[in-house]
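Asker: Before anything else, here's the structure in question.
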C-alpha cells in the first residue's frame, strides 16, 4: 500500500482541519449515533450539532455488538437498531440533514462489509466525507484497508496509548483527515479525569505525523476539552452528547455550545 | 521442542479485527506463547499439570450397547472425566500458566454453559490468580450450579445484561474489560474463536484430546476410526479432537451444531450450516447475521452452543470440505442426553448430546467393521436441573 496521505481537492475533512489550524482554533468533533433516540430526533440532533459549533460530525452506524463502546453508546445503538436504523438508513439521514460541516462515518467493519463494495461511493454521494472503522487496525486486512484507503472517503485511523512508536508512524502514514488518538485504555465513555500522561501521548503522535490530532474517549466536559486543546488539534466528544440526547436534543446542543465556548476561550 | 504453528488466518478466515488498543497485547501474547512452547520447562510443567491435576490422558471407553444401536464400534473419548468435568480445563489451565509466565495476575474469562468459567476459576485458584468471569444473565439462570461453583472457587462473576444476555454478550463484555486492563490482565478465551493468536493457541491446548485418542485407537484397534464426531459451538472440543486427524484423509470429520428449534426457524445456532462470512469478536468467520450485518441472536437448549459465530478454522475446514458440519435440534439432543445415560451409564453434557443424537439418527450409515470416535466433551451434571424441569423422564 502506498502513501495515501497527500491532500487533494476532495479532502474536505483535511481542508477543514487545516483551515482551523491556520486560524489557531481547535476542532470540535461531535459524535452521535444514527437513529438515536429515534429517526426524527436524530435528524434534529445532527443539524443541532452543526448549528451549535461542531466542526466535524461523527455519525455512528449502530451495530449489534459494539466491542469498543461503553454502556451509553451501546444503549444508543441498541435503541437505534430497535427503531430500524441501518447503514443505508444512516446514509439517507446524512443526506437529508444536508450539513455544512464534514461528516465522518464511525462504524464497525461488519455492517460496512454487509452493505456491499459500492457503499463508500454511496456514502460519498450522500454527503459523507470520512470513514473510521473501530475494529480494523492497521495490517488486520490489507485488502479491505486498501478498499477504504483508496475509496472516495478520507480513511481516518485510530491510535492508542498502547501503540508503539514504529507502529504509530506506520498507522499515521496510512491515515487521512486527522489522527484519532484514543486518550486512554478502554472503551468509549465519560471520565472524571483525563489521563495524566495525555500530553506525552499527543507529543508521541505529533513526532511522527503532520496530520491534525483529535483526542477522544473519555472527553465529556468543557474544561476537559479546553485542557486537551492546549496540546491537540481537536477533541471528540461522544458519550456525553449521546447521554444528553437520551432525554433532550436541546440538552445535547447546549453541551456542544459549552464545549465550543471552552475550546475557543483557551 | 518443535516450533508451534500460529496461523493468523485459516484460508480467508481468522485475522485480528479488534480495537487498536489490543494489537500490542495480542503481539505480546503471541510472542509469549511461542516462547513458552519452545521452553522445555514450561511444556514439562504443563504436561505434569495435565497428568496429575487434570487427570490426562482421559480414558477411551468402549460403548458396547450404544455401538449395537449404531451398527458400528463407537469409542467415547472421555473429556467428561477430566477435573471440572469437561475439556475446557485443558485450555484454561494452560493459558493461566502462560499468564503467570507473562507476569499477569488478573484473569478475565467469558462463559456460556459455565464450564469454561469453572475451569478458569479452578486454574486461577490453583495458581493464585484473580479471576473475573463474565456470564450472561440468561445463562446464569440456566446454569446456576456452575455459578455457585465459580464463586466457591473464589471467582468474581459479572452478570451481563446487554443484548441477548448469553455467551455472545459475555464475550463482548470480557473483551471490553481486556481493552481497559490489557497491560495487567490476561484474557482466557474459552474456545477457538477471537483474534489471532487465540484460535491457533486454543486449538493447540486442546489438541491433546485428538492426539491421545488417535494413539489410544491405534493401540486398541490397530487402525484409525472411519469417523470422528464432536459437537460445535465455538468449536474447541471439535478442533481439539479433529486436529490430529486432519492429515488422515480417510478419516471423516463431523461437527454437530445446534439446530435449536429447527434450521427452518430463526432459532438455532448453526453458523456453519447457515451462516455467512462476517466479523465478530475479532475474527472473520461464518456468522449468523441479517442482511445489514447485524449479528442475529443464536438459540440452543445448550448454553455452550448458544453462540452465533464459530471458530475460523472450522469455517475453513468446511470451505475446503475437509470436515462436514451437520445440525441437531434441541429435541433430538435431549433424546441423545437420555440415550447415552441409559445405554452406557454416561450422562453427557447437553452440548455433547448433540453429537450423540446425530450418531443415533444416522445409525446404519456405517459397516459393522467401522470404528467411530465420539468426543464426550463434558459431563451432564450441570444440565440435570434444567433437563428435569423439562420433564424428560415423563416421556
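Asker: How much of the DSSP bridge set in chain B is antiparallel, in percent, rounded to the nearest 5?
Answerer: DSSP beta bridges in chain B are roughly 30 percent antiparallel.
Asker: Sticking with this one: Divide, for segment B:281-371, the radius of gyration over alpha carbons by 2.2 N^0.38 Å, where N is the residue count.
Answerer: Here the answer is 1.28, to two decimals.
Asker: Is segment A:113-266 rounded, prolate or oblate when judged by the Cα gyration tensor, a ≥ b ≥ c being the square roots of its eigenvalues, rounded requiring a/c under 1.5 and prolate requiring a/b larger than b/c?
Answerer: It is oblate, given that a/c is not under 1.5 and a/b is not larger than b/c.
Asker: Relative contact order, percent, of segment A:1-130 when contacts are C-alpha pairs under 8 Å separated by at least 6 residues?
Answerer: Worked out over segment A:1-130, it gives 27 percent.
Asker: Normalized C-alpha radius of gyration of the protein assembly as shown, against 2.2 N^0.38 Å?
Answerer: 1.00
Asker: Okay, next question. Defining a contact as two alpha carbons under 8 Å apart and six or more residues distant in sequence, what relative contact order in percent does chain B show?
Answerer: It comes to 20 percent, rounded to a whole number.
Asker: Moving on. Assuming a ≥ b ≥ c are the square roots of the Cα gyration tensor eigenvalues, decide whether segment B:139-269 counts as rounded (a/c under 1.5), prolate (otherwise, with a/b larger than b/c) or oblate.
Answerer: Prolate, since a/c reaches 1.5 and a/b exceeds b/c.
Asker: Kirkwood hydrodynamic radius of segment A:7-264 from all distinct Cα pairs, in Å?
Answerer: It is 17.8 Å.
Asker: Let me see the pair-distance distribution of segment A:187-238: every alpha carbon pair, 10 Å bin width, integer percents in order.
Answerer: Once binned at 10 Å, the Cα pair distances of segment A:187-238 give 26, 58, 16, 0.
Asker: Could you order peptides B:269-277, B:86-94, A:242-250, A:12-20 by the average number of other Cβ atoms within 10 Å of their residues, highest first?
Answerer: Final packing ranking: B:86-94, B:269-277, A:12-20, A:242-250.
Asker: Can you give the FRET efficiency to the nearest 0.05 for residue A:143 and residue A:118, using r as the Cβ-Cβ distance and R₀ = 22 Å?
Answerer: Computed FRET efficiency for residue A:143 and residue A:118 comes out at 0.85.
Asker: Based on the Cα gyration tensor of segment B:236-321, what are the three equivalent ellipsoid semi-axes, each the root of five times an eigenvalue, rounded to whole Å and given largest first?
Answerer: Semi-axes (√(5λ), whole Å): 23, 15, 11.
Asker: Could you state the principal axis extents of the C-alpha atoms in segment A:10-126, from the largest down, to the nearest angstrom?
Answerer: Principal extents (largest minus smallest coordinate, Cα): 42, 30, 27 Å.
Asker: As a check on your grasp of the helix formula, calculate [θ] at 222 nm for chain B: sum -39500 (n - 2.57) over DSSP H runs of n ≥ 4, divide by the residue count, round to the nearest 500.
Answerer: It lands at -12500 deg cm²/dmol.
Asker: Here's a follow-up. On each of the three principal axes of the Cα atoms of segment B:14-144, give max minus min coordinate, whole Å, ordered largest first.
Answerer: Largest to smallest, the principal-axis extents are 55, 42, 32 Å.
Asker: Take the alpha carbon gyration tensor of segment B:141-182, find the square roots of its eigenvalues, order them as a ≥ b ≥ c, and report rounded if a/c is under 1.5; if not, report prolate when a/b exceeds b/c, else oblate.
Answerer: oblate
Asker: What percent do you get for the relative contact order of segment A:7-264 when only Cα pairs under 8 Å and 6+ apart count?
Answerer: 24 percent
Asker: Using a basic spin-label model with each label point 7 Å from the Cα along Cα→Cβ, how many nm lie between residue A:18 and residue B:368?
Answerer: Result for the modelled spin labels: 8.4 nm.
Asker: Which values, in whole Å and largest first, are the semi-axes of the equivalent ellipsoid of segment A:70-109 obtained as the square root of 5 times each eigenvalue of the Cα gyration tensor?
Answerer: Over the Cα atoms of segment A:70-109, the ellipsoid semi-axes are 20, 13, 10 Å.
Asker: Based only on the alpha carbon positions, what is the Kirkwood hydrodynamic radius of chain B, in angstrom?
Answerer: 20.5 Å
Asker: For the protein assembly as shown, give me the percentage of DSSP beta bridges that are antiparallel, rounded to the nearest 5 percent.
Answerer: Approximately 20 percent, going by the DSSP bridge assignments.
Asker: Compute a Gaussian network model of chain B, connecting alpha carbons closer than 10 Å, and tell me which residue from B:290, B:177, B:383 fluctuates the most.
Answerer: B:290
Read the figures in this text as sums done on the coordinates, not as results from a lab. These numbers come from a predicted model, not from an experiment. Ideal geometry is used to build each Cβ from the backbone, glycine not excepted, and the neighbour counts take in all protein chains shown.
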